[in-house]
Amino acid sequence: MQIQIVKSKIHRVKVTGADLNYIGSITIDETLMDAANLIEGEKVYIVNINNGERFETYAIKGAKNSGEITLNGPAARRVQKDDIIIIMSYAIMEFEEAKTFKPWLVFPNEKDNSLT
């Protein structure tokens with residue numbers, strides 16, 4: 001049997017922008033993506049702490065160490081600049097493997113989205 005389990009989580013990160021006219025996705029600082037073991041194009045789930053919105057999109061790399069978290073395209077309507085969100089991705093794995101799997105959990109500084 002296979003199940004879905006949390007693979008990666010960037011917990012409580014601040015939205016730095018919302019670009020309705022971009023094609024779509026979420027732009028994430030490359031440093032945060034690396035720390036969370038996310039790859040460009042990976043499906044991610046977004047939870048907006050400020051308004052309760054939950055939605056999915058895909059990740060694209062932002063400039064390294066920029067702190068950028070920008071929602072693009074239609075997803076830009078579900079956030080506002082300075083909202084706090086959680087970004088998660090899931091993996092499908094065998095039940096027994098999932099019992100011992102340890103996800104990548106990242107807790108950035110909410111003021112500037114840095115890892116320090």
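Looking only at the stretch 13-32, decide whether some residue is modelled with pLDDT under 95, surrounded by 15 or more Cβ atoms within 10 Å (Cβ to Cβ), in a loop (DSSP other than H, G, I, E, B) and over 12 Å from the mean Cα position of the chain (by Cα).
Yes, some residue in the stretch 13-32 is modelled with pLDDT under 95, surrounded by 15 or more Cβ atoms within 10 Å (Cβ to Cβ), in a loop (DSSP other than H, G, I, E, B) and over 12 Å from the mean Cα position of the chain (by Cα).
Those residues that are charged (D, E, K, R) and either over 16 Å from residue 18 (Cβ atoms) or in contact (Cβ under 8 Å) with a residue 60 or more places away in the chain (or both), I need them from the stretch 36-81; list them, please.
Selection gives 40, 42, 43, 54, 56, 61, 64, 81.
Output the qualifying pairs, or none if there are none: Cβ atoms under 6 angstrom, residues six or more apart or on different chains, first residue in the stretch 83-100 and at pLDDT 95 or above, second residue outside any strand (DSSP E or B) and charged (D, E, K, R).
Partner pairs satisfying both residue conditions: 89/42.
Is it the case that some residue within the stretch 55-65 is of a type in the set (Lys, Arg) and loosely packed, with under 12 Cβ neighbours inside 10 Å?
Among the residues of the stretch 55-65, not one is of a type in the set (Lys, Arg) and loosely packed, with under 12 Cβ neighbours inside 10 Å, which makes the answer no.
The values are calculated or read from the model by the stated rules, or taken from the named source; none is laboratory data. None of the values given here were measured: they were computed from a predicted structure. Cβ: placed from backbone, ideal geometry, glycine included. Neighbour counts: every protein chain shown.
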